Amino acid sequence: MVGVRAASLDTPALVVDVDVLQANIERTADIARAAGARLRPHVKTHRMLAVARRQIAAGAAGVCCAKTGEAEVFANGGIDDIFIANQVVGAAKLRRLRALAERVRLAVGVDHAEQAAMLDAAFRGADPLDVSIEIDVGQRRTGLAAAAAAAALARQVLDAPGLTLRGVYTHEGHDYAARDAADLDRIAAQAQRQMLDAAEAIRTATGSTCEVSMGSTPSLYNRRFLPGIDELRPGTAVFNDGSHANFLGHTDWCAATVLATVVNRPAPDRVVVDAGAKALTSDRRGPSILENSGFGVVVGRPDARIVSLSDEHGVLAAPDASAYAIGSVLSIIPNHICPCVNLYDHVYAARRGVVTDVWPVSARGQSQ
Ligand SMILES: Cc1ncc(COP(=O)(O)O)c(C=O)c1O
């Protein structure tokens with residue numbers, strides 16, 4: 001496939017523009033450097049070793065994973081510093097975690113005394129496992145909201161022979177709902193202050209050191225970080241997607257597109273492509289500052305809106321369907337690139353529209 005025009009690939013296909021990707025990787029590294037923070041990109045977005053290696057080459061200290069299986073794939077690929085920013089529960093996973101910790105520098109998330117006790121038991125007799133305590137700064141998913149609760153869990157971790165304390169972490173994902181730049185700035189500042197307070201409460205209560213790790217793409221692009229943030233873990237910034245085009249106001253930083261073929265024009269204002277939920281995911285975007293809302297952004301076709309999806313079909317509302325030749329290929333920016341990448345066995349890397357490489361999505365399906 002190397003050397004062929006991306007537009008001539010069989011569809012649906014996921015294509016990554018290597019120049020946009022590289023610019024995204026370098027911009028992210030620059031922002032982290034300016035913030036005085038270590039960069040640990042979240043590789044759940046791409047699940048590809050080829051991309052992780054570019055991130056490390058640009059200065060990332062290691063990677064962040066969501067799943068034990070992802071971490072194993074990246075460890076097998078030679079990445080030796082991995083933080084699983086998630087709770088790891090269950091006997092089978094704890095056995096795998098212990099084996100993984102023997103070959104890479106590993107840390108995992110924890111936000112409950114019972115998880116900490118299970119991790120401690122699993123690591124008795126081994127080198128202690130680094131853990132980071134998750135703080136809920138507003139997303140209301142996981143994590144401890146109260147600094148006192150975080151300090152109590154830190155005490156338990158420090159008393160556990162199987163564990164050591166690395167610090168606190170959060171995903172300030174509620175910033176995706178920011179109404180505008182001022183609102184994003186307010187959310188980002190509040191999240192940072194809460195993290196710094198939690199870390200300080202732990203240091204005061206235990207006398208231990210405590211790192212602060214945060215990560216989300218909107219707050220990365222806000223670019224304002226308080227002193228004391230040690231680590232940033234952006235994921236989606238590597239590709240960006242329809243949801244980021246929302247607050248960026250443009251699609252120039254969107255590196256990944258799904259190619260889809262027009263298969264029908266059943267009505268004067270309706271076009272059907274061969275990319276449905278199994279090619280794009282059925283994620284929607286929130287209110288958009290771009291005109292083109294729906295199930296993805298159709299590149300270069302501001303009049304078209306992807307109004308519905310079934311498994312294998314994407315239905316576009318377009319004012320003049322006759323402008324879409326059956327057999328022509330459209331490029332669609334997915335709304336949410338992380339689950340979208342996980343739909344593909346491999347991704348076509350392309351430069352100026354020509355395929356330069358084919359990258360396996362090595363951690364595809366590694367959700368255990
Ligand atoms: C724990 C954690 N850290 C970091 C990230 C990265 O966030 P984003 O993709 O907005 O950069 C996520 C995303 O879901 C996450 O769950």
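Compactness check for the chain: Cα Rg over 2.2 N^0.38 Å is 1.04.
Starting from the Kirkwood Rh over alpha-carbon pairs, what translational D in µm² s⁻¹ does the stretch 246-335 have by Stokes-Einstein at 10 °C and 1.306 mPa s?
On the way: Rh = 12.9 Å.
Diffusion coefficient, whole number: 123 µm²/s.
A straight line joining the Cα centroids of the stretch 23-37 and the stretch 89-133 runs 30 Å. DSSP bridge analysis restricted to the chain gives an antiparallel fraction near 45%, rounded to the nearest 5.
Out of every Cα-Cα pair that the stretch 73-133 contains, those further apart than 20 angstrom amount to 17 percent.
As a length-normalised measure over Cα pairs under 8 Å and 6 or more apart, the relative contact order of the stretch 305-368 settles at 19 percent. Extension gain for Asp127 to Asp19 (0.36 nm times residue separation, less C-alpha to C-alpha distance): 34.7 nm.
Relative contact order of the chain, please, whole-number percent, based on alpha carbon pairs below 8 angstrom and at least 6 residues apart. Don't jump to the answer; show the numbers that get you there.
Details: 842 pairs, mean separation 81.1, N = 368.
About 22 percent, as a whole number.
Remark: relative contact order (the stretch 236-368) = 27 percent; criterion is Cα-Cα distance under 8 angstrom and separation of 6 or more residues. Once the other residues with Cβ under 15 Å from the Cβ of Val43 are scored (Lys, Arg +1; Asp, Glu -1), what is the net sum? With Lys, Arg at +1 and Asp, Glu at -1, the neighbours total +3.
Less than 5 angstrom separates the built amide H of His336 from those of Gly242, all sequence-distant by 5 or more or on a different chain. Between helix 181-206 and the chain there is an angle of about 20 degrees, using the helix long axis and the longest principal axis of the Cα atoms.
Relative to the compact globular guide of 2.2 N^0.38 Å, what is the alpha carbon radius of gyration of the stretch 92-191, as a ratio?
On the way: Rg = 15.8 Å, N = 100, 2.2 N^0.38 = 12.7 Å.
The value comes to 1.24.
Angle between the Cα long axis of helix 147-159 and the longest principal axis of the chain, 0 to 90 degrees, nearest 10? Approximately 60 degrees, to the nearest ten. In order along the stretch 54-67, the phi-based Karplus estimate (6.51 cos²θ - 1.76 cosθ + 1.60, θ = phi - 60°) of 3J(HN,Hα) comes to 5, 5, 5, 4, 7, x, 5, 7, x, 10, 10, 10, 9, 10 Hz; Gly and Pro are listed as x.
If R0 equals 56 Å, the separation of the Cβ atoms of Ala57 and Ala267 corresponds to a calculated FRET efficiency of about 0.70.
Tilt of helix 91-101 relative to the longest C-alpha principal axis of the chain, in degrees (0 to 90, nearest 10)? Roughly 80 degrees, rounded to the nearest 10.
Coordinate-derived values only; no laboratory data. All values derive from a computational prediction rather than experimental measurement. We place every Cβ from the backbone using ideal geometry, glycine too, and count neighbours over all the protein chains shown.
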